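One structure below.
The values are calculated or read from the model by the stated rules, or taken from the named source; none is laboratory data. A quick note: this is a predicted structure, and the numbers were derived from the prediction, not measured. Here the Cβ positions follow ideal geometry from the backbone for every residue, glycine too, while neighbour counts run over all protein chains shown. Side chains are part of the model used for accessible areas, which takes the heavy atoms of the whole protein and leaves out ligands, DNA and RNA. Shrake-Rupley method; radii C 1.70, N 1.55, O 1.52, S 1.80 Å.
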Amino acid sequence: MPTIPDLTPSNLLPRIRTSFIGRTLLSEVELPSTNITAAELATANAPEGLVVVADHQTAGRGRNGRSWLSPPNKNLYFSILLRPDCPPASVPQLAIIAALSIAKALDMPNIAVKWPNDVWMNGRKLCGILSSMSCLANKTEYAVIGIGINVNMRDFPAEIPGTSLALETGRELSRAEVLASVLNVIEEDYILWCREQSLSPFMERWAKCSLLDGHTITAEHGRDILMGTASGITPEGLLILKCHDGATRLIAAGDTHIAL
Ligand code: BTN
């Protein structure tokens, strides 16, 4: 079976210092979507911490039904299977944790997290996160956290205002190094989150690198588009929007944009 030369288990595992995340690794040249494969393996009893990584995706999925550009030999596309012992309503917090972990792992100037769970650099989107989950009654069976990080891609179609680590730093990066450092931080953060069952221990980190805080933004709220000042997040991961009519609203999901 063909493998991805720079993302084989033998290349990755020596760089990983986790106890379970990435210890089971499926590395494929081409998949429709790593999220789909991870969910299929989850239902076949794959262990917590499974990572599915692909060199390219033929049907990469983005949030809100969008697609995710996934060309070969350039970027990182991977999904992590988690089995948190938490109510289903808490699972969206994991994507916020992942964004914070990625920002910390990349450890570069001008990295920001953008609610709900993007990572931006110098005003452009660097990374997207798409999570899915399965629950039975009020119990979470599993969560899949799918992450796309633009690493060495330099040509973006005009309609995609994205960027990559190569464009921002002027040099090519090792995908294995980036993936390993992200998995290392995600495991630490995930363990802390499982213990606290809340984003409380992460609020300071969020405030330090939040792209939206203090800005006038628009946010989707059901069918409405609200305008107000982004004023942080709650320990449950809701966006706090101080609206211009004086009311404070909590937003659970949706796209956000800085208003010009
Ligand atoms: C977004 O729209 O911002 C989320 C993009 C998430 C893309 C990643 S790439 C790996 C995983 N597999 C997918 O099909 N999507 C996620």
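When the range 59-84 is filtered for residues that are within 6 Å of the ligand (Cβ to nearest atom) and either among the small types (G, A, S) or assigned to a loop (DSSP other than H, G, I, E, B) (or both), the ones remaining, listed by number, are G60, G62, R66, W68, S79. If the condition is being assigned to a helix (DSSP H, G or I), aliphatic (A, V, I, L, M) and touching a residue at least 40 places away in the same chain (Cβ under 8 Å), then the range 90-109 contributes L94, A95, I96, I97, A98, L100, I102, A103, A105, L106.
If you take the residues of the range 116-152 that are more than 9 Å from the ligand (Cβ to nearest atom) and charged (D, E, K, R), which of them is least open to solvent (accessible area, probe 1.4 Å)? Checking each candidate, the answer is E141. Restricting V113, V52 to residues that are more than 12 Å from the ligand (Cβ to nearest atom), open to solvent by less than 10 Å² (accessible area, probe 1.4 Å) and touching a strand residue (DSSP E or B) at 6+ places or on another chain (Cβ under 7 Å) narrows the list to V113. Restricted to the range 198-252, the set of strands (runs of 3 or more DSSP E) holding at least 2 residues that are surrounded by 15 or more Cβ atoms within 10 Å (Cβ to Cβ), under 19 Å from the mean Cα position of the chain (by Cα) and β-branched (V, I, T) is empty. In summary, W193 fulfils each of the numbered conditions (1) surrounded by 21 or more Cβ atoms within 10 Å (Cβ to Cβ); (2) in a strand (DSSP E or B) with the single exception of condition (2). Of the residues making up the range 154-174, those that are closer than 16 Å to P72 by Cβ and open to solvent by less than 10 Å² (accessible area, probe 1.4 Å) are S164, A166.
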